[in-house]
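Single-structure report; data block below.
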Number of protein chains: 2
Amino acid sequence: MPTEQEPARTKRADAARNEKTLLAAAAEVFVSDGVDAPIRQIAARAGVGVGTFYRHFPTRADLITAVYRHQIEACAEAGPTLLAAAETPFDALRQWIDQFTDFLVTKHGLADALQSDSSTFAALHTYFLDRLEPVCAALLTAAIDAGDVQTELSALELMRGVGNLCIGREADSRYDPRRLISVLLKGLRAPL
Amino acid sequence: MPTEQEPARTKRADAARNEKTLLAAAAEVFVSDGVDAPIRQIAARAGVGVGTFYRHFPTRADLITAVYRHQIEACAEAGPTLLAAAETPFDALRQWIDQFTDFLVTKHGLADALQSDSSTFAALHTYFLDRLEPVCAALLTAAIDAGDVQTELSALELMRGVGNLCIGREADSRYDPRRLISVLLKGLRAPL
DNA sequence: CTGAAAAGCGGAACGTCGCTCCATTTAGTA
DNA sequence: TACTAAATGGAGCGACGTTCCGCTTTTCAG
C-alpha cells in the first residue's frame, strides 16, 4: 500500500528551480513592460512553457504577490518601527506613507493593478490590503489620539487614496503623485 | 433645387441613423458593463456589424467622447459661471470639483479609462484635459489670488488627482471618493 | 542499480478580444 | 429607372488568457 500518511511533500528539484526562474523572469519583465505583460512573454523569458507557468502561479495575482511579497512585508514591519522612532505619530504616518508610495511608484503599473477589480487581481488586492491595512490603521489612530490628525477617513480609504494617486504615468513629469499625497496629508491635519 | 440648406456634405440618412443607434447602444452598455465593454457587444446591441462601428468611431475614445461630450461641455461652462456666482473663489473651486466628481463617479469606469495610457485612450485623455484644464486653472488661480488657497499643485495635477481618487469601485461602500477629495481640498487651503 | 509511479512539463488548441478589409447592398441623383 | 459613391457587415487576422493532455524527468522502493 502506498505511503499516504505524509501530509507535507517536498517539491521536486526541477519544479523549485523553475519557480525561481519564473519569479526572476517576471521581476525583469515587470520592470520593463509592467505587471500587465503577457504571460507568454514571462514564460518565454524563463524558458518554460505557459503550462508550467500556470502550474506555479494559477493567477496573475499569485505571481505579483510572490514577486513583491518581500517588499510588502518590509512595509508592514516598518509601521510599528516608525511609530516607535518618530518624533510624533503624524511624522510616523507621513514616513510610512512615504515608504508605501515608494513601493507603489517604483513598481511600474503596480498601482494600476491594485485598483483593478477584474477578478484576476482580486486576490492580490485582498492580500495587499489584509496585510497593510492594520498597520496603517495603527498609525492613523495613533496620530488621531495624539491630536495631530482629525479625519473621518478610514485607514483603508487613506491607503486606497494614496494608491490611486500613484496611478499617474511616471513618464509624465507634469504629474507628481508625491505632491498630491503631500496635499492629502496636509488635509488630514487637525486645525491648529 | 433640393433641400440643400446644409452648409456642406450632409451624411447619408442611414449612416446618421446608425450613428445615433450606436450612440444610444453604447450609452446603455457603458452603464451596465462599463466603458471597457467589448465593441462586438455594442455593435450587436445596435444591430450593426463591427465594421460599421469602426466606420463611425475609429477609436474607443471617439465613442466615449461622443457619448459624454455634452457633460464635459457642461462641466467646462460651469467654471466661469460658478466663479461669478459663488461667495469665494474657493467655494467656486469646490463646487466645480463637486460637479467634476459627479461626472466621473456616475459614469461607470470612466475614471479608469481616463488614466489609462493604452494609446486607445490617449485621444480621450487629450480631449478631456484640453477642454477642462484651462477651466480648472482659472478657478485655481482665482482661489490662490484671493488668498484662499496656497499650493504648488498645477490645475492638471489637481484634476488628475481628483480623477484618480474616483477610480475606486462604486460597489465598495468602504471607499468613498468624495471623502478623500474633500480631504484633498482641505489640504489646499492656505493656513488660516 | 533499476524501473515504474508520481510529479512536472510544454505547447497545441480553444475562446475572446480589437481591428481591418472588401464584396455586397443601398441611398441619393440625374 | 439606372448609375455611382457611400455605407454596410461579417469573415478573417493576430494577440491574448487559459486549459488540457501526451510526454519527460525525477524520485525512491526493492
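Residue-wise test of (1) in contact with a Lys or Arg (Cβ under 8 Å, 6 or more places away or on another chain); (2) of a type outside the set (G, A, S); (3) within 16 Å of DNA strand C (Cβ to nearest atom).
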site: A:P38; (1), (2), (3): no, yes, yes
site: A:V48; (1), (2), (3): no, yes, yes
site: A:F57; (1), (2), (3): no, yes, yes
site: A:L63; (1), (2), (3): no, yes, yes
site: A:R69; (1), (2), (3): no, yes, no
site: A:P80; (1), (2), (3): no, yes, no
site: A:A85; (1), (2), (3): no, no, no
site: A:F90; (1), (2), (3): yes, yes, no
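Is there a residue being at pLDDT below 95 and open to solvent by 50 Å² or more (accessible area, probe 1.4 Å) anywhere in the stretch A:130-141? For the stretch A:130-141, residues at pLDDT below 95 and open to solvent by 50 Å² or more (accessible area, probe 1.4 Å): present. Residue count for the stretch A:60-87 under the criterion of being in a loop (DSSP other than H, G, I, E, B) and open to solvent by less than 50 Å² (accessible area, probe 1.4 Å): the result is 1. When A:T65 is tested against (1) within 15 Å of DNA strand D (Cβ to nearest atom); (2) at pLDDT below 95; (3) over 30 Å from A:A143 (Cα atoms), only condition (3) is not met. For A:V31, the conditions (1) open to solvent by less than 10 Å² (accessible area, probe 1.4 Å); (2) more than 21 Å from A:A16 (Cβ to Cβ); (3) in a helix (DSSP H, G or I) are fulfilled apart from (1).
Evaluation of A:R189 against the conditions (1) farther than 22 Å from B:R160 by Cβ; (2) within 11 Å of another protein chain (Cβ to nearest Cβ); (3) modelled with pLDDT of 95 or more; (4) open to solvent by 30 Å² or more (accessible area, probe 1.4 Å) shows that the sole unmet condition is (3).
The values are calculated or read from the model by the stated rules, or taken from the named source; none is laboratory data. Here the structure is a predicted model, which means the values were calculated and not measured. Here Cβ is always computed from backbone atoms with ideal geometry, including for glycine, and neighbour counts include all displayed protein chains. Quick note on the areas: whole protein, heavy atoms, side chains included, nothing else; ligands and nucleic acids left out. Shrake-Rupley method; radii C 1.70, N 1.55, O 1.52, S 1.80 Å.
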